[in-house]
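The values are calculated or read from the model by the stated rules, or taken from the named source; none is laboratory data. Just so it is clear, the structure is predicted and the values come from calculations on it, not from any experiment. As a convention, Cβ positions derive from the backbone with ideal geometry for all residues, glycine included, and neighbour counts pool all protein chains shown. To get the accessible areas, we keep the full protein, side chains included, count just its heavy atoms, and leave off ligands, DNA and RNA. Shrake-Rupley method; radii C 1.70, N 1.55, O 1.52, S 1.80 Å.
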Amino acid sequence: CRTIRGFLSVIQREWIDAGHPFSDRYRNGPWSPKNQKTSSDGSSFFLFLHAINHLVATYPSHFQFNSSLLLKLHDECIASEYGTFLCNSEAERIQLKTKSKTYSIWKLFQMKQFTNPLYEAPIPQPAWPLGPCDLWRDYWCRYQNNKSTKSTSQLEIQAVQQLVSRNQELREKMQQLA
C-alpha cells in the first residue's frame, strides 16, 4: 500500500467497505444534522492518517504519495464534498443512492500534486534471508520408522549432545595442558 492506488484501495476496503462510521464520527459536515454531537465524535481514521503521515515523513522515498493526499482525505471526511465518506455503511450508501447523486473522490487523487517526487519503486526483496525450506518432519513423518525421517527435534537433540560431549573433551584436554 505504498503506491497511491494501493493506499486508496486499503482505505476503500478496510475503512469504507468495512463500515467505518464516517457519518457518525464527523457530524459537523455539511450533510450532517446540526446539534447532534456525541461522545464518539472524532475518528480513529484521523489517527490512522496521522500514523501514515509519520511513516511518509520518516521514509520519504518509500511512498508514492505525499502528505497532501493524507490532508485532502481528512478534509474530505469532514467537508463531504464527494460522496465517498458520507455514510456509515454500504447499506446506507445504497439506500441513499450516494453513488448516483455524488462523485467519488478516488479520481481526484490521479492529480500530480499528490505524487511524491522522491518515490523510488522498491526492488522486491524478502523480509528475511530465505534458506532451505524443510518439512515439519515431526508432523509429516511421525509414523515412519525410516532413519532419514527422524524428527527435527530428535536430530537437534543428537547434535547438541554431540556438541556437549565434544566441549567436555576439549575442556579435559585444556586442563591436561595447563
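Which net charge results for the neighbourhood of S165, defined as the other residues with beta-carbon distances under 14 angstrom from its beta-carbon, given Lys and Arg at +1 and Asp and Glu at -1? Spell out each step's value before the answer.
Details: positive: R166, R171, K173; negative: E169, E172.
Result for the local shell: +1.
Quote the accessible area belonging to R25 in square angstrom, nearest 10, computed with a 1.4 Å probe and with ligands, DNA and RNA left uncounted.
Surface accessible to solvent at R25 totals approximately 60 Å².
Using label points projected 7 Å from each Cα along Cα→Cβ, tell me how many nm separate I94 and R2, to one decimal.
3.8
Which ³J(HN,Hα) values, rounded to whole Hz and listed in residue order, are derived for region 76-84 from phi using the Karplus coefficients 6.51, -1.76 and 1.60 in 6.51 cos²θ - 1.76 cosθ + 1.60 with θ = phi - 60°, glycine and proline given as x?
Karplus values, whole Hz, x for Gly and Pro: 6, 4, 7, 7, 6, 5, 10, x, 4.
In nm, give the distance between the simple-model label positions of W106 and L47, each being 7 Å from the Cα along the Cα-to-Cβ direction.
2.7
Would you please put 84-94, 13-23 in order of how densely packed they are, using the mean number of other Cβ atoms within 10 angstrom per residue and starting with the highest? Before the final figure, lay out each step's value.
On the way: 84-94: 17.1, 13-23: 15.4.
Put in order of decreasing packing, that is 84-94, 13-23.
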